[in-house]
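Data first, discussion second: the structure below is written as structure tokens.
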Amino acid sequence: MESVYKLIEIIGTSDKSWEDAAKQAVETAQKSLQDLRVAEVKELDIRLEEGKMLFRTKLTVSFKYKGE
């Protein structure tokens with residue numbers, strides 16, 4: 001059976017770690033995207049806010065595309 005997948009980029013944030021930022025992003029995406037298949041980490045960075053570190057993880061996620 002043939003399938004089509006759509007890719008989107010999402011960014012998760014956390015004051016704990018990059019892993020937690022990725023987890024937050026995927027868990028949030030799962031609430032509105034059906035058939036989420038793969039999440040690939042594309043970029044990691046740290047944003048400094050008022051002397052505190054905010055970990056940011058950019059991911060590409062794919063989900064099964066269901067045409068209209």
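Any read-out appearing in this document is the output of simple, stated calculations on the displayed coordinates, not a laboratory observation. Only a predicted model underlies this, so the values are computations on that prediction, with no experimental measurement involved. Methodologically, a virtual Cβ is constructed for each residue, glycine included, from the backbone with ideal geometry; neighbour enumeration extends over all protein chains shown.
For Phe63, the residues 5 or more places off, or on other chains, whose built amide H falls under 5 Å of its own are Lys6, Arg37. Remark: the chain carries a charge dipole of roughly 120 debye about the Cα centre, counting +1 on each Lys and Arg Cβ and -1 on each Asp and Glu Cβ. Which of the lysines could be linked to Lys6 by a straight reach, that is with a Cα gap under 25 Å, when you skip same-chain ones fewer than 8 residues away? Output for Lys6: Lys23, Lys31, Lys42, Lys58, Lys64, Lys66.
With θ taken as phi - 60° and the Karplus curve 6.51 cos²θ - 1.76 cosθ + 1.60 applied, the whole-hertz 3J(HN,Hα) list for the stretch 10-21 is 9, 10, x, 10, 7, 8, 9, 6, 5, 4, 5, 4 Hz, x standing for glycine and proline.
Between the labelled values (1) 1.33; (2) 1.55; (3) 1.28, the entry that holds Cα Rg over 2.2 N^0.38 Å as derived from this structure is (3). The length gained by stretching the chain between Ser32 and Glu9 to full extension, at 0.36 nm per residue less their Cα-Cα distance, is 6.9 nm. The stretch between Asp45 and Lys66 holds 4.2 nm of extra length on full extension. This uses 0.36 nm per residue minus the Cα-Cα distance.
For the stretch 37-42, the Karplus equation 6.51 cos²θ - 1.76 cosθ + 1.60, evaluated at θ = phi - 60°, returns couplings of 10, 9, 10, 10, 6, 9 Hz by residue, with Gly and Pro reported as x.
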